[in-house]
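Visitor: Following this message is one structure expressed as structure tokens.
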Amino acid sequence: MVLFDGFEVRMIDAGDAVIRARVGGSGPPVLLLHGHPQTHVMWHRVAPVLARDFTVVAADLRGYGDSSKPPTTPDHEPYSKRAMARDQVAVMASLGFDRFSVAGHDRGAYCAYRLALDHPARVERLAILDAVPNAEVWRRVDRTFMLAWWHWAFLAQPAPLPERLIGADPEWYLTRNAERIAPWAPEALDDYLRCYRNPDTLHAICEDYRAGATIDFAHDEADRGARRVECPLLVLWGRREDLEQLYGDPLELWRTWADDVRGHGLDCAHYLAEEAPDDTAAALRAFFAGES
């Protein structure tokens, strides 16, 4: 299988990091951001569909995939979503796009809404896939969440605890739940595994989660009630996942952070773009095209 047929891989200097991006299509610009434990390759079933109407840029977040891994600091700022958002603004500017739409899944969603909060003039439309605001997660942690999503606290533990434990057998850690990763194409899994075996990538991923529990939480709390997402916001989630069980109606939750919110659940679990690519692509295409 040829993934991203017609797309070009670029390594783009964003200033503090070099970002791997895959660029294809023509039309209004759309930025696609991936989640953990993936790379931009997770969009391989959606990006070609969007490329019929848009210029699509699918990028690796700093620390992930083949993007560079900046040195870490005690406050985890280099892996804050604010820093990641700066990268993506620079990526799009280097491609000639000062204003664009963005979709983020999982960890990419946290970068995406931070981008919309910090750089409102840059973001035309924002789509969030299977995520709620980072601060809301940490404010509402309970027994149900910690049993289901224990990796949030595990990956955020001080170095080198998670790095050494996962590094002992990264392939097992990534593929231990065969049913959950079944929708991943073999070629995509190969990219995820190749990157996950890199100790520098593994450390950067843990830094992403450490930032989420500390500096990202602080940034969100500082913005609570003071800043809102100004652009239209689409929220999609997997009805076979536990987002509704943990947080109730995702649309109502996101309305505490944005005014223009719409969206719906899809018949899938967490990995929307790989489990329900047709429905995901159709929803994103209609939203980015401004259709009601």
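The values are calculated or read from the model by the stated rules, or taken from the named source; none is laboratory data. Keep in mind that this is a model prediction, so the values were computed, not measured. Reconstructed Cβ throughout: ideal geometry from the backbone, glycine too, with neighbour counts over all protein chains shown. Ligands, DNA and RNA are stripped out before the accessible areas are found, and what is left, the full protein with its side chains, is counted by its heavy atoms. Shrake-Rupley method; radii C 1.70, N 1.55, O 1.52, S 1.80 Å.
Visitor: Right, residue 102: in contact (Cβ under 8 Å) with a residue 60 or more places away in the chain and touching a Cys at 6+ places or on another chain (Cβ under 6 Å) or not?
Guide: The answer is no for residue 102.
Visitor: Of all residues in region 225-243, which are modelled with pLDDT of 95 or more and open to solvent by 60 Å² or more (accessible area, probe 1.4 Å)?
Guide: Hits for region 225-243 are 226, 227, 228, 230, 239, 240.
Visitor: So in region 108-130, with the set limited to residues that are among the hydrophobic types (A, V, I, L, M, F, W, C) and without any contact (Cβ under 8 Å) to a residue 60 or more places away in the chain, which one is surrounded by the fewest Cβ atoms within 10 Å (Cβ to Cβ)? Spell out how you get there, then give the answer.
Guide: First, the residues of region 108-130 that are among the hydrophobic types (A, V, I, L, M, F, W, C): 109, 111-112, 115-117, 121, 123, 126-129.
Next, only the ones that are without any contact (Cβ under 8 Å) to a residue 60 or more places away in the chain stay: 115, 121.
Numbers: 115: 28, 121: 9.
Step by step, filter region 108-130, then rank; the result is 121.
Visitor: Quick check on residue 142: is it touching a residue at least 12 places away in the same chain (Cβ under 8 Å), open to solvent by 30 Å² or more (accessible area, probe 1.4 Å) and of a type outside the set (Lys, Arg)?
Guide: no
Every residue, every condition in (1) within 29 Å of residue 21 (Cα to Cα); (2) of a type outside the set (D, E, K, R); (3) at pLDDT below 95, yes or no:
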residue: 110; (1), (2), (3): yes, yes, no
residue: 113; (1), (2), (3): yes, yes, no
residue: 120; (1), (2), (3): yes, yes, no
residue: 128; (1), (2), (3): yes, yes, no
residue: 134; (1), (2), (3): yes, yes, no
residue: 144; (1), (2), (3): no, yes, yes
residue: 148; (1), (2), (3): no, yes, yes
residue: 153; (1), (2), (3): no, yes, no
residue: 171; (1), (2), (3): yes, no, no
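Visitor: Next up: Could you identify the single residue in 285, 240 that is touching a helix residue (DSSP H, G or I) at 6+ places or on another chain (Cβ under 7 Å) and farther than 17 Å from residue 133 by Cβ?
Guide: Sole residue among the options that is touching a helix residue (DSSP H, G or I) at 6+ places or on another chain (Cβ under 7 Å) and farther than 17 Å from residue 133 by Cβ: 285.
Visitor: Moving on. Does region 170-177 contain any residue that is open to solvent by less than 10 Å² (accessible area, probe 1.4 Å) and in a helix (DSSP H, G or I)?
Guide: No, there is no match, as no residue in region 170-177 is open to solvent by less than 10 Å² (accessible area, probe 1.4 Å) and in a helix (DSSP H, G or I).
Visitor: I need the full set of residues from region 260-292 which are acidic (Asp, Glu) and either crowded, with 16+ Cβ neighbours inside 10 Å or modelled with pLDDT of 95 or more (or both), in order please.
Guide: Those that are acidic (Asp, Glu) and either crowded, with 16+ Cβ neighbours inside 10 Å or modelled with pLDDT of 95 or more (or both): 260, 267, 274, 275, 278, 279.
Visitor: Right, something else. Show the residue pairs that are 6+ apart or on different chains and have beta-carbon atoms under 8 Å apart, the first residue being within region 175-197 and under 21 Å from residue 155 (Cβ atoms) and at pLDDT 95 or above, the second being part of a helix (DSSP H, G or I) and open to solvent by 70 Å² or more (accessible area, probe 1.4 Å).
Guide: That search, which allows pairs on different chains as well, returns 193/171; 196/171; 197/171.
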